[in-house]
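Here is the structure we will look at, set down as structure tokens.
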Amino acid sequence: MANFSACFAFRGTFIHAPHFGDVECLEDHVFVVSSKEQGGKILALSPAAASQLILAEHGVLESTVYNIPVGRFMCPGFVDVHCHAPQYSYSGTATDKPLMAWLDEYTFPREARHQVLPLARREYSKLLHRLLSNGTTTALYFATLHLEPTQLLAQLLHQAGQRAYVGLVCMDRNSKDFYVKSLEQNIADTEAFIASTRALGSPLVQPVITPRFVPTCSPELLARLGALAQQHHCHVQSHISESLDNDAFVAQLHPEVSGRDARLYDRAGLLTKRSVMAHGVTLTSAELALLAERGTAIAHCPLSNFFFADIPLDVLRCRQLGVKVGLGTDVAGGYSPSMLSAMRSAVVAAKAVRMLRTDRARLVARQRPATHAGRPEPAAQTNLASAPELAPLPELALVPDLAAWHRLAAPDAPPAERSAGDRPRPDAAAASAAGRATSATNEGISHSRSRVHGPVPGSSAAEHATGEGHGTVSGSPTGISGDVDDSGSGTAAMGAERAAESWPNGDAGAGAHLGSIVSDGCHSAATGNSCATPSGCSAEMPDEGTLQDTGSISVDGVGTGEELDYRGAFWLATMGGAQALGLEATIGSFQVGKEFDALMVDPTGGACFDTFTGDTLVDVFQKFINLGDDRNIRAVWVRGGLVLWK
């Protein structure tokens, strides 16, 4: 008989993105996976035609293979590289203030409440269930300033079976008296948290060195944390060059480094190959090159960038310069905990970057000398590197809100309710992402499926014997009761200048970074259909001296040959996140030797979207990315273990 504890197998359709912009559909394939006790690794994958040989080789009876129901498919679990766990309770609200005032009025008071352990347990448990239900199998968490609640979060993650990196937040300045610690207490608590987390003995839950961001961390604290990261071989997370008002405040604090976050972090040894820095919207080309050299990744948080940064991150530019980029929800600065929502926001943000380039190119074209019988050159041929300097656009000359930061150090408690007169923020959700497939090369799901045999893969033998683990179960993951930002970087004047400069100076050519996409970019291993797809940056890097270096939006007029559509967003949410965390050899795609972090997706589940007779597999997958939600995610595996079944 087959040894259920040794390995298990699936047969059906699997979809992943092994390369940026390239979605691969493995139709009618067999996957053999080792048990979670043996590491939950993918031992074999092959077309179903070779299944008998593969199954026999691994001692799996064909009658025990889990046949994925017709119409469903599996994809890799999502990787959220930036999530504030204690902010979940107010996600979906508090989007009405700029960053600094937002921290003062909402964030610090709500995070401080988590000193009460029953409250922390209740809120963290709800968050973990929500994230797993939405398909997040790996997450990089900010916790709070307090040791015991952060240890509790690590314990809950261990029980739930989610892959997680957890950080005890460090702050020693520029905060309210009720939410700040001394330098020595920050260091002592961080060391204690590292020890207690590793004492869990979990292969999935790891500690992270977490300075909140430059405004709340002294250079001395940053340096001590950098030393701890090196001593304990820990990951590092923080925020970098997050917003215009943040840049202006850091410029006041640190004129000796021109107020640049990257220089301060690098001096402290916090830019490493295990570091993930959130946002980075105002990073210069030189700073991006520094991150690439150090191996430091950026957590792209497109939704919260719309609300608080006032500048979108040019992801393609970051990739062009060799910087690793993953995708984050940034709960609660990003109001949705869903990585599907983050993917859609990433596509919208990429379109916004392109619109900024196009708009800037038109402005340049209008100021160029007339050519071709009095007609200006087309915007797509304009090169900003040689274009005349333009005056800043008035509507983009934003005034940093520094007053909020002066209130942070005030002794009085922050207000509990928002002011009705506060300036509203634009709602990024108004722009929904509708990914477009230029051609559909894949046929629909055509192979037949018999009913399920044997246990649900990843469940225990006891569950199989009793019938548990099948069908609908309670919505809570193992160990969780169902009841149950920050960042910175320029002089004060420089901050205002960058506010006026960063947006207008977009890429010169309207076609820059658009690539030349002539196909859907998907490959079907079953049908053999394939098409040419963008495969990374093919353009040579321009000379650094030719760049007008005013932020992360490209200004050199050189395209990357890439497009960020639904395929690129899916890659960011899977392989991109894996790369950011240094886990690209472990998770993110379906390859032999990687660990099995996966979702079973039912396109017909819930009432999110409809499918039609003519829909191809590519169409259905694209609809899931653009229209789906947690109701379409029927099961979740982490490291070969079944952690959620609906």
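The values are calculated or read from the model by the stated rules, or taken from the named source; none is laboratory data. Computed from a predicted structure; not experimentally measured. Don't worry about glycine lacking a Cβ; one is built from the backbone with ideal geometry, like all the others, and counts go over all protein chains shown.
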Check: If we scan the stretch 319-330, do we find a residue that is under 11 Å from the mean Cα position of the chain (by Cα), among the acidic types (D, E) and surrounded by 24 or more Cβ atoms within 10 Å (Cβ to Cβ)?
Finding: yes
Notebook entry, point to check: Which of the following residues is crowded, with 20+ Cβ neighbours inside 10 Å, under 23 Å from V347 (Cα atoms), among the hydrophobic types (A, V, I, L, M, F, W, C) and in contact with a strand residue (DSSP E or B) (Cβ under 6 Å, 6 or more places away or on another chain): F596, F621, F590?
Noted result: F621
Check: Mind checking which residues of the stretch 99-142 are of a type in the set (K, R) and either touching a Phe, Trp or Tyr at 6+ places or on another chain (Cβ under 9 Å) or buried (at least 22 other Cβ atoms within 10 Å of the Cβ) (or both)?
Finding: R110, K126, R130
Checklist line | Only listed residue being among the aromatic types (F, W, Y) and farther than 27 Å from I209 by Cα, chosen from F78, F73 | finding: F73
Item checked: Sole residue being in contact with a helix residue (DSSP H, G or I) (Cβ under 6 Å, 6 or more places away or on another chain) and either at negative phi or not basic (K, R) (or both), chosen from A56, A44 -> A44
Checklist line | Answer residue from the stretch 198-220, given it is surrounded by fewer than 24 Cβ atoms within 10 Å (Cβ to Cβ) and of a type in the set (A, V, I, L, M, F, W, C) and is farthest from L152 (Cα to Cα) among those | finding: L204
Margin query: Can you pull out every residue in the stretch 254-284 that is in contact with a Pro (Cβ under 9 Å, 6 or more places away or on another chain) and either modelled with pLDDT under 95 or surrounded by 19 or more Cβ atoms within 10 Å (Cβ to Cβ) (or both)?
Written below: H254, L264, Y265, A268, L270, V281
Item checked: Restricting the stretch 129-152 to residues that are more than 18 Å from L642 (Cβ to Cβ), of a type in the set (A, V, I, L, M, F, W, C) and assigned to a helix (DSSP H, G or I), the residue that is nearest to the chain's Cα centre (by Cα) -> L152
Notebook entry, point to check: Mind checking which residues of the stretch 143-154 are buried (at least 24 other Cβ atoms within 10 Å of the Cβ) and either over 22 Å from L581 (Cβ atoms) or hydroxyl-bearing (S, T, Y) (or both)?
Noted result: T144, L145, P149, T150
Next item on the list: Output the residues belonging to the stretch 17-38 that are within 22 Å of L204 (Cα to Cα) and modelled with pLDDT of 95 or more.
Entry: V32, V33, S34
Item checked: Residue among A223, A229, A199 that is touching a strand residue (DSSP E or B) at 6+ places or on another chain (Cβ under 9 Å) and of a type in the set (A, V, I, L, M, F, W, C) -> A229
Notebook entry, point to check: Among the residues of the stretch 309-320, is there at least one that is modelled with pLDDT under 95, of a type in the set (A, V, I, L, M, F, W, C), in a helix (DSSP H, G or I) and over 18 Å from I625 (Cα atoms)?
Noted result: yes
Check: Within the stretch 56-102, how many residues are assigned to a helix (DSSP H, G or I), within 25 Å of T137 (Cβ to Cβ) and acidic (D, E)?
Finding: 0
Note to self: So, in the stretch 289-305, how many residues would count as being in a helix (DSSP H, G or I) and buried (at least 24 other Cβ atoms within 10 Å of the Cβ)?
What the structure shows: 5
Next item on the list: Kindly provide the set of residues from the stretch 331-390 that are of a type in the set (S, T, Y) and either at pLDDT 85 or above or outside any helix (DSSP H, G or I) (or both), ordered by number.
Entry: Y335, S336, S338, S341, S345, T371, T382
Margin query: Take G576 and tell me if it is surrounded by fewer than 20 Cβ atoms within 10 Å (Cβ to Cβ), modelled with pLDDT of 85 or more and closer than 30 Å to D247 by Cα.
Written below: no
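Can you find even one residue in the stretch 37-55 that is in a strand (DSSP E or B), farther than 30 Å from C170 by Cα and in contact with a Lys or Arg (Cβ under 9 Å, 6 or more places away or on another chain)?
yes
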Item checked: In the stretch 200-256, residue nearest to L271 (Cα to Cα) [restricted to those that are of a type in the set (D, E) and in a helix (DSSP H, G or I)] -> E220
